[in-house]
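The numbers here are math on the coordinates, done by the rules we state, and not lab data. Owing to the predicted nature of the structure, the values given are computational and were not obtained by experimental measurement. Every residue, glycine among them, receives a Cβ derived from its backbone with ideal geometry; neighbour counts consider all protein chains shown.
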Amino acid sequence: MTENTTGGDVRLTGISKTYGSFTAVHPLDLTVPQGSFFALLGASGCGKTTTLRMIAGLEDPSTGTIFLGDRDVTDLPPYKRPVNTVFQSYALFPHMDISENIAFGLRRRGIKSVKKQVDDMLELVQLGDKARHKPHQLSGGQQQRVAVARALINHPQVLLLDEPLGALDLKLRRQMQLELKRIQTEVGITFVHVTHDQEEAMTMADQVAVMNGGRVEQLGAPADLYENPRTTFVANFLGTSNLIEAEVVETGSGSADVVVTAGGGKLRLPGDRCTDAVRQGGKLLVGVRPEKISLAHADDAGSIADGRNRVTGRIVDSSFIGVSTQYVVNSPAGAELQVYEQNVERDARLRPGAEVVLHWNPAHTFGLDAAQDIDAGVETVEDAA
Amino acid sequence: MTWLRKNVVVIAGLLTLAYMILPNIVVMVFSFNKPNGRFNYSWQQFSLDAWKDPCGVADMCESLTLSLQLAAWATVGAVVLGTMIAFALVRYRFRARGAINSLIFLPMAMPEVVMAASLLTLFLNMGIELGFWTVLIAHIMFCLSFVVTAVKARVMSMDPRLEEAARDLYAGPAQTFLRVTLPIAAPGIAAGALLAFALSFDDFIITNFNAGSTVTFPMFVWGSAQRGTPVQINVIGTAMFVLAVLIVVAGQIITNRRKKTATA
């Protein structure tokens, strides 16, 4: 069923879902390229699972159309779609053994000799010796792999994964991320993966769609989303960002630098890294990732290279976490700025209470529309984890 | 003293078991009695007469057959209706769902005599002739509550994602029901069916009110107890008891074996 032609993409056009007066998914357009590993990322209740269930056919969209390749599948029931799902709770049939669970889809389509294919699948997920076990006799990670095998044996055009690693502990989750990625590369089927774990989405997916409040906030490759967030939600939900409220004093044209003031100091950032047109005297949220910032003791301020953005402040907290040390710095420009320093040459003077200068390359600075909630997406990361 | 303290739970358990099983033992022992006169109430001498000729008492085996038939049909009716009601109550939200939920319990809570009398009134007013059908309708009615309760508990603990998974894996509505829903609900349905059969088989009060001239086994026993109790009643009682125990033991063995092969 996997045709290696182009046009095997999943296309959602104007898809939305409302329950009474509640809108779970606002009309959205989304194209998942064939053969890609695509992640829908967002906090619980953002509409990502509903979107997935609409592709599966388990939920009827209120508006819009779903295409698999050139075929309109919007009105097809789930059992007629060439799409299979790995459920969050795995949903393995408790009354059947592992090999019958895996053979289920083949048998329903009237295929009699399933043994060879079932054995191959058990091989792929490395569970050859568990064929006659019942699901409850397997560990969480093993059940998860059975759920993947049960879906993949049908060679679906698209495999949908609904938080498939949510119930596993951290170590196993890391292992299964690699495992799933390996399987995806091996079978070459389009994977659509729903998750609330931004690290999971970034390590596994080729493309990530960040969802919030039933809308897609931003779509792109993980590195692109991380480096160039276009909303405060994406900036805060994907990793950590320092966002500083600033006022524009000099608008740059094209790639020329925009100059802003924040807390009495001047900061520069590339004009093409601002999401909106900047006006003289207008407000802007200036963002920089914590690992891009270097920390210097105030006594060494003179040795910082010219042309770098500088913010002075005082360390209020520091925590040593092995490879790096995380500092929290209060400054006139903004409270509780995060700085991650590699533990290469530790400066013993950098202790809570010390006066410091934060400096970074202006090119690593991005500008966001100041009309947004500066804390959007902040707590949700902790809630979901 | 310490021995007693250690074993007090075991002793209490054994005493309770004896309390429950003693009446059955008496029935069993007296099925081998050769009574002097019409009443089988005092031990005379050992005999296999009754076991050799269980249907030797006039009309007894006819009433037994009738009771078994009634129980079988009542079970079928109650299981089919009760399973559907249980699914409807758990799966769907509809008007009066709460009211139906509590009404279902009414036959369990209501005194049987009251229910029997009101059913009789209903049948008489509707001009329905009393007999097999009125008894069957009554039995299905009171068995229904037990089936619904048993099946509902099972359906409630069932993950709805299992059916979604089946539909996702190319099973249409009928296949989903047959391959996934029914097998998973089966233990609840079986429990409900066993309860229904037992309740219908030994019901006396409601049956007595609504049976007209038909005589079920409990009614026969009651009737004969006035005139004298044939030993054959004990034979039937013992046979039923042994059969029930055998079914339970067989069930246990099968589940144990299944568990063992699964882990091996």
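Before moving on, here are some points about what is shown:
- Charged side chains reduced to their Cβ positions (Lys and Arg at +1, Asp and Glu at -1) give chain A a dipole of some 1320 debye around its Cα centre.
- When only the Cβ of Lys, Arg, Asp and Glu is charged (+1, +1, -1, -1), the dipole of segment B:132-230 relative to its Cα centre reaches about 100 debye.
- Extension gain from A:Gln326 to A:Asp70, taking 0.36 nm per residue of separation minus the Cα-Cα distance: 87.1 nm
- For segment A:248-299, with +1 on Lys and Arg beta carbons and -1 on Asp and Glu, the positive-most of A:Gly281, A:Ala256, A:Pro270 along the dipole: A:Gly281
- Local electrostatic count at A:Gln372 - Lys and Arg +1, Asp and Glu -1, tallied over other residues with Cβ under 15 Å: -3
- In chain B, the longest principal axis of the Cα atoms and the axis of helix B:60-91 are about 20 degrees apart.
- R0 of 56 Å, Cβ-Cβ distance A:Asp373-B:Ala198: FRET efficiency to nearest 0.05: 0.30
- Other-chain or far-sequence residues with amide H under 5 Å of B:Asn40's (modelled H): B:Thr229
- Between B:Gln45 and B:Arg257, the simple spin-label model (points 7 angstrom out along Cα→Cβ) gives 4.4 nm.
- Taken along the Cα-to-beta-carbon direction at a fixed 7 Å, the label points for B:Leu124 and A:Ser44 span 6.1 nm.
- Once the C-beta distance of A:Lys115 and B:Leu246 is scaled by a Förster radius of 35 Å, the resulting FRET efficiency is 0.35 to the nearest 0.05.
- An oblate overall shape is assigned to segment A:202-345, the ratio a/c of its alpha-carbon gyration tensor axes (a ≥ b ≥ c) being 1.5 or greater and a/b not exceeding b/c.
- Near B:Leu66, once Lys and Arg are set to +1 and Asp and Glu to -1 for all other residues with Cβ below 15 Å from its Cβ, the sum equals -4.
- Charge dipole of segment A:259-371 (Cα centre as origin; +1 on each Lys and Arg Cβ, -1 on each Asp and Glu Cβ, all else neutral): 260 debye, rounded to the nearest 20.
- Counts of other chain beta carbons within 10 angstrom of each beta carbon in peptide B:157-165 average 6.
- Charge tally in the Cβ shell below 11 Å around B:Thr83, where Lys, Arg are +1 and Asp, Glu are -1, B:Thr83 excluded: +2
- Under the combined filter of DSSP loop state and at most 11 neighbouring Cβ atoms within 10 Å, segment B:68-144 retains these trypsin sites (Lys or Arg not before Pro): B:Arg93, B:Arg95.
- Secondary structure note: in the protein assembly as shown, about 75% of the DSSP beta bridges are antiparallel.
- Degrees separating the helix A:98-108 axis from the principal Cα axis of chain A, which is the longest one: 70 degrees
- Mean residue ellipticity at 222 nm, helices only, chain A: -6500 deg cm²/dmol; runs of at least 4 DSSP H residues each add -39,500 (n - 2.57), and the sum is divided by the number of residues.
- Whether segment B:81-131 is rounded, prolate or oblate, judged on the alpha carbon gyration tensor where a/c under 1.5 counts as rounded: prolate
- Residues A:His155, A:His364, A:His136, sorted so that the one with the fewest Cβ neighbours within 10 Å comes first: A:His136, A:His155, A:His364
- Across q = 0.05 Å⁻¹, the protein assembly as shown modelled as identical point scatterers on its alpha-carbon atoms has Debye log10 I(q)/I(0) values of -0.43, in the order of the q list.
- Think of segment B:64-227 as a dipole: +1 on every Lys or Arg Cβ, -1 on every Asp or Glu Cβ, centred on the Cα centre; then among B:Ala211, B:Ser67, B:Gly98, B:Gly98 lies furthest on the positive end.
- Positive-end extreme of charge dipole, chain B - chosen from B:Leu81, B:Thr255, B:Ala117 (charges on Cβ): B:Thr255
- Counting Cα-Cα pairs of chain A in 10 Å increments starting at 0 gives whole-percent bin shares of 5, 20, 25, 21, 15, 10, 4, 0.
- Fewest-first sequence of A:Thr195, A:Thr203 by Cβ atoms within 10 Å of each Cβ: A:Thr203, A:Thr195
- Here's the picture: a label point sits 7 Å out from the Cα of B:Arg38 along the beta-carbon direction, and within segment B:199-228 the residues with their amide nitrogen under 19 Å of it are B:219-228.
- Rounded to 5, percent antiparallel among DSSP beta bridges of segment A:1-139: 100 percent
- DSSP assigns beta bridges within segment A:10-227; of those with both partners inside it, close to 50 percent run antiparallel.
- Shape of chain B, Cα gyration tensor, a/c cut at 1.5: oblate
- Tilt relative to chain B, helix B:2-30 - C-alpha long axis, 0 to 90 degrees, to 10: 70 degrees
- Build a GNM of chain B with springs between Cα atoms under 10 Å apart, and of B:Pro54, B:Pro111, B:Pro218 the one that fluctuates most is B:Pro111.
- Our note on the geometry: Cα centres of segment A:308-377 and segment B:157-196, 57 Å apart.
- Violating pairs (Cα-Cα greater than 27 angstrom) within the set A:Lys130/A:Lys181; A:Lys112/B:Lys152; A:Lys80/A:Lys115; A:Lys116/A:Lys171; A:Lys115/B:Lys152; A:Lys134/A:Lys171: A:Lys112/B:Lys152; A:Lys116/A:Lys171; A:Lys115/B:Lys152
- Among the trypsin sites (Lys or Arg not before Pro) found in segment A:286-385, those both in a DSSP coil and sparsely packed, with 11 or fewer other Cβ atoms within 10 Å of their Cβ, are A:Arg346.
- Cys with no candidate disulfide partner in the protein assembly as shown (beta-carbon separation under 4.7 Å rule): A:Cys46, A:Cys274, B:Cys143
- Taking other Cβ atoms within 10 Å as a rough exposure proxy, A:Arg11, B:Arg167 sort from fewest to most as A:Arg11, B:Arg167.
- Shape summary of segment A:10-227, radius of gyration then Dmax from alpha carbon positions: 17.0, 52 Å.
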